[in-house]
Every structure is written in C-alpha cells, then in structure tokens.
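Everything on this sheet refers to the single structure shown next.
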Amino acid sequence: MFERSRFIALSLVFFSGITVAAGYPDRAITMIVPYAPGGSTDGLARVVAEKMGEALKQTVVVENIGGVGGVVGIQRFLRAAPDGYTVMLGNMGTFAIANTLYPKMNFDPKTQLTPIGLVADVPQMLAVSVASGFKDLPSLVKRMRDTSQPKLNLANGGPGGTSHIGSVYFTYVTQSQAEQVPYKGSGPAITDLMAGNVDITVDQTVTIIPSSKSGRIVPLAIVGEARSPLMPDVPTFAEAGVPEFDFSVWNAIVGPQGMPSDRVKVLSDALSFSLSDPKIKAKLDSFAAVIPKNDRRGPPELKRLIDRDVDRFAKLIKEANITVND
C-alpha cells in the first residue's frame, strides 16, 4: 500500500511538471529499435514505451529496423530531425561497439547523439539447445576446445551486436572455437536454438529467461556475482569455471544530435517516471534486468558510459581481432 501511494504521489508531481515543455509533445513519438522484433532490446523497448507514452500523454511507437548489427537502424536514426519526435532505444552494442566494427558508417557516438537516459543493465547468459545434449558449462567448453571434432554452431543476433561480441569474447577467454552463425536479431537466433538447428547462444537474460520456459533450451551460466533468484539452479560463469567472462549489457535511450535541452528533460523525466512504476520494475525483474538507481538516471551517466565504452570496446575488438563483413 505504501509503495502504491508513494508512486501515485510521485506521478502527480511528475504530471504537474511535464506541462512546462511548451506544448511538447503534441503528437506520437517514434522509438527506433535497431534490431528485429523478439530480441532483448525490443523486449525492453516495449516494456517502457507504453508507460512513457502514459507520462507524455502521447503514443510512443516502437519501430523495429533490424539488420547489419544495428547499422540500418542507426542510419535511419541519424537522418531524423532533432525535434524530440524520434528517439532510439539501443544498447552498448549500438552506442559503443558498432562504430568501431563499421567504420564506413561514419558514426561517432560521443558526438552524434543526445543522451536521454539508461533503461537497464542486463547480464548475459549462455544457453544450449536440448538437442545438443550438454548439461553444464565445463563439458561444453571441453568440447569446444576439441579441435579433432567439427565446430559447434554458436548463434548470435547479428554481426556487431552484443550477442555477437559476447559470443566471440566467450570463445576468446576460454581459448575455444565455434562456428559463428549470425541472424537478423536475437529473436530468430533463439527460435533456431529452440528448434535444435544451432547448438549454443550467448545473449541477454531478457531473451534467454523467457525462452528457457519452453523447455527446449538449457541455460548453463549467467553473468553476475551471485545466481539469479529467477534461475537459482543456473551457476554464474565464475562458479562454472569461466570467471573471466563478465559481460553485462547496458540499454539506453538517446535522441539525435542537437536536441533542445527542455525536450531532453521531458523525455528523461518520462523515462524515470516509467522506471519508478512498481509494475515496470516487476516486469524488468522478471528478466533479471537491473533498473538504474536514481543517481544513475539521466543524460550525464549515459554520456559517461558511452565515452568510456567506445574506447573500452575499441581496445577489445582490436585485441580479440573481431571483424565483420560490412
């Protein structure tokens, strides 16, 4: 009861303050997701878009533009007017990795977008198909290191995405090998994993946890200091013998470069309002997605993460010799 009352009180404060934005917004807002429907980022977008629309008193329409590791969606976003009616919800693959993997895109995340706010931090998991027969991570890694046998198929959500980078990083730290099988989004990759057409995937909990309920995939490890209460039988990567794999994915909303600061504040406040809703928190908790604390919400923290991770992943991509066909 207390939580509900507190939320109502915060809602009244929020709604009384949002009217100062000079009539903005007065029409629907498009939220670009640069990945196919059914994946991790798409799942988060659909959770927050409806509640943000409620706060803004306008519809927030999720538009999926998949393909080429998020590049197609990013290019569409970069052509948008900086008027606050087009935003993009992506992850650190979108905002800190794609620019290095696809230099011809001429995209500088440090300067060519306007940070609005973090949505959630999401751990990565490794899962296998039931058809693969693997029951634990040590036996899988042993098989992946066996060069006398054909490579296992490792599905990822597309070149340059966090699923791809996570997959390559896993083989890098375990000194193992796998045949990378790229898809146009995590949704199609998971579908083929459930069908037994591929053996392994590395992806965010937002995708893996709901899919594991089908009983056709087997999660073998999760990133984190402790096991998730949602899947207490799944060990952490450290417990499973691969402590070097520590790969969580932050997801965020940005606007085009040059957005007016008052509209940035309206959208940032609407996002914070959404993340304060107990129902939204419960939904994200069901994905093992971690909502940022109040001091990590808003543009400054997102700007810090973008600046840090652009350099961090450029170094990793070089050291691991990660390449894509562009």
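Every read-out reported here was derived from the displayed coordinates using simple, explicitly stated rules and does not represent laboratory data. What you see is a predicted model, and the numbers here were worked out from it, not measured in a lab. A quick note on method: Cβ atoms are made from the backbone with ideal geometry, for glycine too, and the neighbour counts reach across all protein chains shown.
Just to check I understand the Karplus step: with θ = phi - 60° and J = 6.51 cos²θ - 1.76 cosθ + 1.60, what whole-Hz values come out for segment 82-90, glycine and proline as x?
x, 9, x, 9, 9, 10, 9, 9, x
With an 8 Å cut-off on Cα pairs and a minimum separation of 6 or more residues, tell me the relative contact order of segment 123-222 in percent.
47
According to the Kirkwood expression over distinct Cα-Cα pairs, how big is the hydrodynamic radius of the chain, in Å?
Result for the chain stands at 20.1 Å.
Could you let me know the centre-to-centre spacing of segment 39-69 and segment 169-220, using Cα atoms, in angstrom?
So the separation of the two Cα centres works out to 23 Å.
Given LEU56, PRO188, PHE170, which one lies farthest toward the positive end of the charge dipole of the chain, if we put +1 on the Cβ of every Lys and Arg and -1 on the Cβ of every Asp and Glu?
My answer, from the dipole projection, is LEU56.
From the helices alone, meaning DSSP H stretches of at least four residues, give me the mean residue ellipticity at 222 nm for the chain, per-run term -39500 (n - 2.57), in deg cm²/dmol to the nearest 500.
About -12500 deg cm²/dmol.
When the dipole is taken about the Cα centre of segment 123-222, and only Lys, Arg (+1) and Asp, Glu (-1) are charged at their Cβ, what size is it in debye, to the nearest 20?
120
List the residues whose amide H sits under 5 Å from the amide H of THR114, counting only those 5 or more places along or on another chain, with H placed 1.01 Å from N in the peptide plane.
So THR114 has HN proximity to GLY255, GLN257.
Based on the alpha carbons, how large is the Rg to Rh ratio for segment 150-256 when Rh follows Kirkwood?
Across segment 150-256, the Cα-based Rg/Rh ratio is 0.95.
Sorting check: for 157-165, 222-230, 264-272, which peptide has the highest mean count of neighbouring beta carbons within 10 Å, and how do the rest follow?
Top to bottom by mean Cβ count within 10 Å: 157-165, 264-272, 222-230.
Label ALA314 and ASN294 with points 7 Å out from Cα along Cα→Cβ: what is the distance between them in nm?
Output for this residue pair reads 3.6 nm.
Where the only charges are on Cβ atoms (+1 Lys, Arg; -1 Asp, Glu), what is the dipole of the chain about its Cα centre, to the nearest 20 debye?
About 300 debye.
If you take the charge dipole of the chain about its Cα centre, with +1 on Lys and Arg Cβ and -1 on Asp and Glu Cβ, which of TYR102, LEU305, VAL47 is farthest toward its positive end?
The listed residue farthest towards the positive side: VAL47.
When only Cα pairs under 8 Å and 6 or more residues apart are kept, what is the percent relative contact order across the chain?
Relative contact order of the chain: 27 percent.
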